[in-house]
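Step one of this worksheet: look at the structure below.
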Amino acid sequence: MPAIILKQGREKSLLRRHPWIFSGAIHHVDDEPASGATVDLLSFDKQFLARASYSPHSQIRARVWTFQDKPIDADFFRQRIRSAIHSRDTWNLTPDTNSYRLIYAESDHLPGLIVDRYGDVLVLQSLTAGSEFWKETIADLLLEETGLSTIYERSDADVRELEGLEPRVGILRGTMPESRLTIYEHGLKFLVDIEHGHKTGFYVDQRKNRLRVRELARDKDILDCFCYTGGFTVNALAGAARSVLSIDSSGEALALAKENIILNDLPLDKANLTEGDVFQLLRKFRDENRSFDMIILDPPKFAPTAAQAERAARGYKDINLLAFKLLRPNGILVTFSCSGGVDAGLFQKIIAGAALDAGAEAQIVEHLSQGLDHPVSLHFPEGAYLKGLICFKPG
Ligand code: SAH
């Protein structure tokens, strides 16, 4: 077995069960492993620490498969896949939901592998050399363990480049039923374009937060910023909102949002789907003295890593400050960050700064996070990327 021998003292993170080894911790690599191949991680004095996949092109040079001295083979992956499926079964997401994250990479002890289930179709994203090395084996096992027959691959995330991997998109197993699938989420229907949509097609991580908006929406004038295909908008309408103004820069996403409203027999006349830039439109609304009872801010990732946190903080502060100004007395702000580089503590500080500068005396009434199909390993806190706050602006 090829091996990575760590520098003296650099085994500490592994002893705390963190699954990554950075290039700077490595003393030397024995036997030139191939990209994605399995390697042993050994301490400086050659003690076995973990078995991992090798990423020769990435700063994260190895990712742990297991801390036990056992073979990495089809049986190993079968056990891991089974355990991920069991955890989702435990939480009883069905029957009014048929779309959820089945495998969430490091959190499910399968670094680099993301699998979302949309009804009877699995969408797989392979992000690292290790998950790529085992992809065909994993695809076969996924079908055996779920009893399904179709896997679509959306391995086109930018991070693949860091691993020296080309993007790959297309059918991996079975035949494509149709490019647009109809899924259920808490009883509402959504069209998901798994070929062209963002990520694997839909933001399943926001499921419970969308339901929360549905519960709070009654009789409110709502502004849904960064609405994509209408996840929050459809829920707001289903919750009997008085009106919903939804903004996104993507015309295609808005077209699908409109279809999703119609698909659920919700009143299209209460919805205003507007193509534009949220940063500009919020300013325009401020200048026009517009106001809303509830504002949802679910922007794209401003800071994938901590290095971009400062610039991201300015972006978050900008939109949240404007939102606080546009909120009516007794208004509700539902605000999110999905940036890995901005943690919950920093995010709360940014929102506090935004309220202060807007002259709003707001309260936090709820902390929000990603759904339970996106669990966070206690040893890999990086898995907690989505944080949100529901803030109340008293009258
Ligand atoms: N809330 C959505 C997910 C939002 S994803 C849901 O629940 O499904 C972020 C969205 O922001 C994308 O649809 C993207 O097209 C849009 N976007 C990115 N930058 C934008 C900008 N400056 N103005 C408006 N929309 C933007």
### Task
Keeping the other protein chains in place, figure out the carbon and sulfur percent of the accessible area of the chain, with a 1.4 Å probe.
50
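Taking the radius of gyration and the Kirkwood hydrodynamic radius from Cα positions alone, what is the Rg/Rh ratio for segment 105-191, to two decimal places?
0.98
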### Label-to-label distance, nm, for residues given as Ser291 and Ile262 (7 Å Cα→Cβ offset)
3.6
### Query
Can you pull the three principal axis extents for the Cα set of the chain, in Å, largest first?
67, 46, 35
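Sort 208-221, 68-81 for me by packing, meaning the mean count of neighbouring Cβ atoms within 10 Å per residue, highest on top. Let's see the in-between values first.
Working: 208-221: 18.8, 68-81: 14.8.
My ranking of the peptides, most packed first, is 208-221, 68-81.
Step by step: find N for segment 209-258, compute 2.2 N^0.38 Å, then divide the Cα radius of gyration by it. What's the final number? Don't skip to the answer; put the middle values down first.
Working: Rg = 10.0 Å, N = 50, 2.2 N^0.38 = 9.7 Å.
Here the Cα radius of gyration is 1.03 times the empirical estimate.
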#### Entry: Helix-derived mean residue ellipticity, 222 nm - over the chain, DSSP H n ≥ 4, -39500 (n - 2.57), to 500
-8500 deg cm²/dmol
### Task
Please determine, in degrees from 0 to 90 and to the nearest 10, the orientation of helix 74-90 with respect to the longest principal axis defined by the Cα atoms of the chain, where the helix direction is its Cα long axis.
30
### Task
Over 19 Å, how big is the tail of the calculated P(r) for segment 218-328, in percent of all Cα pairs?
45
### Task
Pull up the cross-link candidates among the lysines for Lys7, meaning alpha carbon to alpha carbon under 16 Å and not fewer than 8 places away within one chain.
Lys46
#### Entry: Over 28 Å (Cα to Cα) - which of Lys199/Lys258; Lys349/Lys393; Lys70/Lys301; Lys208/Lys284 fall in this group
Lys70/Lys301; Lys208/Lys284
### Task
Multiply the residue separation of Thr146 and Lys12 by 0.36 nm, subtract the distance between their alpha-carbon atoms, and state the gained length in nm to one decimal.
44.5 nm
### Summary
Between the Cα axis of helix 309-326 and the main Cα principal axis of the chain, the angle (0 to 90°, nearest 10) is 20
### Task
For Gln47 and Asp318, compute 0.36 nm times the residue count separating them, minus their Cα-Cα distance, and round to one decimal in nm.
92.5 nm
### Summary
Ranking Ser126, Thr146, Ala362 by how far each Cα lies towards the positive end of the charge dipole of the chain (+1 on Lys and Arg Cβ, -1 on Asp and Glu Cβ), the top one is Ala362
### Summary
For segment 125-166, the dipole about the Cα centre with charges only on Cβ (Lys and Arg +1, Asp and Glu -1), to the nearest 20 debye, works out at 80
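Can you compute the charge dipole magnitude of segment 121-274 about its Cα centre, using +1 on each Lys and Arg Cβ and -1 on each Asp and Glu Cβ, nothing else charged? Give it in debye, rounded to the nearest 20. Before the final figure, lay out the partial values.
Working: 18 positive and 25 negative charges, 155 e Å.
About 740 debye.
The values are calculated or read from the model by the stated rules, or taken from the named source; none is laboratory data. Everything numeric here is computed off the predicted structure, so don't read it as measured data. Because the Cβ atoms are built from the backbone with ideal geometry, glycine has one as well, and the counts that use them run over all protein chains shown. These area figures cover heavy atoms from the full protein model, side chains too; ligands, DNA and RNA do not enter into them. Shrake-Rupley method; radii C 1.70, N 1.55, O 1.52, S 1.80 Å.
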